[in-house]
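A quick write-up on the structure given underneath.
The values are calculated or read from the model by the stated rules, or taken from the named source; none is laboratory data. In this text the structure is predicted, and so the values were computed from the model without any measurement. Cβ: placed from backbone, ideal geometry, glycine included. Neighbour counts: every protein chain shown.
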Amino acid sequence: MLHVNARSYRLPTQPTVVVCVDGCEPDYIAQAVAHGQAPWLKRTLASGTALIADCVIPSFTNPNNLSIVTGAPPAVHGICGNYLFDTATGSEVMMNDPKWLRAPTLLAALADAGRSVAVITAKDKLRTLLGHGMNGLCFSAEKADEAGVLDWVGRPLPSVYSAELSEFVFAAGVQLMRRRGPDVMYLSTTDYVQHKHAPGTPEADAFYRTMDRYLAELDALGCVIVLTADHGMNAKTRLDASPNVIYLQDVLDGWIGATTARVILPITDPYVVHHGALGSFATIYLSASADRAALASRLAALRGIECVLTREAAAERFELPADRIGDLVVVSERFTVLGSAASRHDLSGLDVPLRSHGGLSEQQVPLIVNRRIDGLDGDRRWRNFDAFELALNHAQ
Ligand code: ZN
Ligand code: ZN
C-alpha cells in the first residue's frame with residue numbers, strides 16, 4: 001500500500017490510465033453518445049462505472065489537476081488558481097511554479113515505489129506542477145518538439161490554440177502505452193474546443209469521436225481507464241451574445257474609491273484568447289479600512305452573483321488555503337462571469353460567444369471507469385480527485 005496525503009492506495013497490477021478531459025461538462029459526453037459519435041463511451045457507460053462527481057472550487061484547471069494527482073483539495077496541495085496575489089511580495093503572479101505546491105503527488109509516490117509513470121499534458125503550464133518530484137516521463141503537447149517526442153508520436157507539433165493539441169495528448173498516450181507500457185499514465189487535455197463549442201455541436205462531437213477512438217485503443221491494450229474532468233463549461237452570454245460580465249474592480253472603485261480593493265481573477269493564465277480572463281470566480285483583497293461585511297452583502301445583492309463568502313467561510317466551504325485567497329470570495333451564477341476592470345480585459349480574441357467556468361455551476365463532472373465496480377456508495381459525494389482511488393483500489 002502507498003500512503004499519500006492521508007489516503008491509501010494499492011499499487012497497480014494492470015496498466016492504469018487516468019484521463020482529465022479539460023472542460024468536460026457531462027452533457028458533452030451525453031450528446032456525443034446520443035449522436036452515435038462515441039461508441040466506446042456508450043459501451044463503457046453500460047458495462048463499466050458511471051458517476052457524476054464534484055470538482056473543486058474554483059472550477060479552474062490547475063487547482064483541479066493538482067487535486068486529481070494529489071487526491072486532496074487545494075487546502076492540502078496549495079494550488080488554488082492559475083494566478084494569485086502574492087502577499088509576501090505584493091505582486092500578482094502565475095501559480096505554475098512548484099514552489100507553490102504544498103503536498104507530494106501520488107504520481108511521484110508511485111514512481112518512488114518503483115512503478116513506471118508517465119504524464120502527458122496539453123499545455124506546458126501544467127507540466128512542472130504535475131511532474132514535480134516525479135521520476136518518470138513528463139512532457140506537454142505544446143512543447144513536444146523540445147521533449148523530442150514528435151518522431152515516435154508521428155504527428156506534427158500542434159498549435160496551442162487547436163483541437164489537435166488535445167488529440168496529440170491521446171495519440172502520444174496510445175503510442176507510449178504500446179511501446180513502453182508504463183504502469184501508470186496521467187493524460188490531461190485542454191479546453192480549447194469546450195470554450196468555443198457547446199455540447200452536441202458538430203465540432204464538439206468531432207472532438208469526442210476522436211477521444212473515443214483513442215480510449216478504445218487504450219482499452220484494447222488492457223488498461224484500466226478512469227475518465228474525469230477538471231471542471232464543466234457553460235455559456236456566459238447575454239441575449240445578444242455579448243459576454244455577460246460584472247466588472248468587479250470597476251464596481252468596487254465606484255463604491256469605495258480606487259485604491260481600496262484589489263480584484264484577483266485566478267482564471268488568468270498565459271492563454272487568455274478563448275476566455276479573455278473571464279470566469280465565474282474572483283477573490284478580493286481589501287484595505288484595512290474597508291467594511292468587509294457591508295461590501296459582502298452589497299456585492300451579494302448584485303444580479304448574477306451566486307454567493308459572496310469571507311476568506312474564512314470560503315476556505316472552509318471550498319477547502320481552500322486561507323492564506324492564498326483574499327478577504328472576500330465571489331462566485332457568479334451560471335450565465336455570468338466576473339471581470340476586474342473593463343479596461344484590463346482584451347476581448348478581441350473572442351470570436352464566438354463566451355463560454356467559461358470557475359463557479360459552482362461548472363462543478364459537476366463525469367467520473368467514468370471502464371470496469372464494473374460493485375458495491376460503490378451511490379450516496380457518497382464523489383469528487384474528481386477520487387479518480388486514482390477508483391483506479392487503484394476498486395477497478396483492479
Ligand atoms: Zn480546465
Ligand atoms: Zn478554461
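Among the residues of the stretch 178-195, how many are under 17 Å from the mean Cα position of the chain (by Cα) and assigned to a helix (DSSP H, G or I)?
4
Quick check on my filter: what residues within the stretch 305-361 are within 16 Å of ligand 1 (Cβ to nearest atom) and β-branched (Val, Ile, Thr)?
If the condition is that a residue be within 16 Å of ligand 1 (Cβ to nearest atom) and β-branched (Val, Ile, Thr), then VAL337 is the only one that fits.
Please work out if THR189 is among the polar types (S, T, N, Q), under 21 Å from THR105 (Cβ atoms) and touching a residue at least 24 places away in the same chain (Cβ under 8 Å).
Yes: the conditions hold for THR189.
Can TRP100 be described as of a type in the set (Phe, Trp, Tyr) and farther than 30 Å from ALA261 by Cα?
The answer is no for TRP100.
Could you go through the stretch 196-206 and let me know if any residue there is surrounded by 22 or more Cβ atoms within 10 Å (Cβ to Cβ) and of a type in the set (S, T, N, Q).
Checked against the condition, which is being surrounded by 22 or more Cβ atoms within 10 Å (Cβ to Cβ) and of a type in the set (S, T, N, Q), the stretch 196-206 yields no hits at all.
Considering only residues of the stretch 378-396 that are within 14 Å of THR16 (Cα to Cα) and over 16 Å from the mean Cα position of the chain (by Cα), which is modelled with the lowest pLDDT?
GLN396
Given the options LEU221, LEU248, LEU239, name the one that is of a type outside the set (D, E, K, R), more than 20 Å from PHE85 (Cα to Cα), away from ligand 2 (no atom under 16 Å from the Cβ) and touching a residue at least 40 places away in the same chain (Cβ under 8 Å).
So the residue among LEU221, LEU248, LEU239 that is of a type outside the set (D, E, K, R), more than 20 Å from PHE85 (Cα to Cα), away from ligand 2 (no atom under 16 Å from the Cβ) and touching a residue at least 40 places away in the same chain (Cβ under 8 Å) is LEU221.
Yes/no per residue for (1) of a type in the set (D, E, K, R); (2) within 16 Å of ligand 2 (Cβ to nearest atom); (3) in contact with a Leu (Cβ under 7 Å, 6 or more places away or on another chain):
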{"site": "PHE168", "(1), (2), (3)": "no, no, no"}
{"site": "MET177", "(1), (2), (3)": "no, no, yes"}
{"site": "ARG180", "(1), (2), (3)": "yes, no, no"}
{"site": "VAL184", "(1), (2), (3)": "no, no, yes"}
{"site": "VAL193", "(1), (2), (3)": "no, yes, no"}
{"site": "LYS196", "(1), (2), (3)": "yes, yes, no"}
{"site": "PRO202", "(1), (2), (3)": "no, no, no"}
{"site": "ALA206", "(1), (2), (3)": "no, no, no"}
{"site": "ASP212", "(1), (2), (3)": "yes, no, yes"}
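Among residues belonging to the stretch 225-247 that are in contact with a helix residue (DSSP H, G or I) (Cβ under 9 Å, 6 or more places away or on another chain) and within 15 Å of ligand 1 (Cβ to nearest atom), point out the one that is farthest from LEU299 (Cα to Cα).
Ranking the candidates gives LEU227 first.
Specify the residue that is surrounded by the most Cβ atoms within 10 Å (Cβ to Cβ); the eligible residues are those in the stretch 54-91 that are among the polar types (S, T, N, Q) and within 13 Å of ligand 1 (Cβ to nearest atom). Explain how you work it out, then say what you get.
So in the stretch 54-91, the residues among the polar types (S, T, N, Q) come out as 59, 61-62, 64-65, 67, 70, 82, 87, 89, 91.
From the residues that got through so far, the ones that are within 13 Å of ligand 1 (Cβ to nearest atom) too are 59, 61-62, 64-65, 67, 82.
Values: SER59: 32, THR61: 27, ASN62: 26, ASN64: 28, ASN65: 23, SER67: 24, ASN82: 24.
By that ranking, first place goes to SER59.
This table checks each residue for (1) assigned by TED's automatic domain parsing to the domain that holds ASP86; (2) of a type in the set (Gly, Ala, Ser); (3) at pLDDT 95 or above; (4) within 16 Å of ligand 1 (Cβ to nearest atom).
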residue	(1), (2), (3), (4)
ALA206	yes, yes, yes, no
GLU217	yes, no, yes, no
CYS223	yes, no, yes, no
GLN249	no, no, yes, no
ASP253	no, no, yes, no
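Pick from GLY339, GLY375, GLY358, GLY326: which is modelled with pLDDT of 95 or more and at positive phi?
When all the criteria are applied, what remains is GLY358.
So GLY257 ticks every box in (1) touching a residue at least 12 places away in the same chain (Cβ under 8 Å); (2) surrounded by fewer than 18 Cβ atoms within 10 Å (Cβ to Cβ) but one. Which box is left unticked?
(1)
Return the residues of the stretch 79-99 that are in contact (Cβ under 8 Å) with a residue 40 or more places away in the chain and not aliphatic (A, V, I, L, M); say none if nothing qualifies.
CYS80, GLY81, ASN82, TYR83, PHE85, THR87, GLU92 - these are the residues of the stretch 79-99 that are in contact (Cβ under 8 Å) with a residue 40 or more places away in the chain and not aliphatic (A, V, I, L, M).
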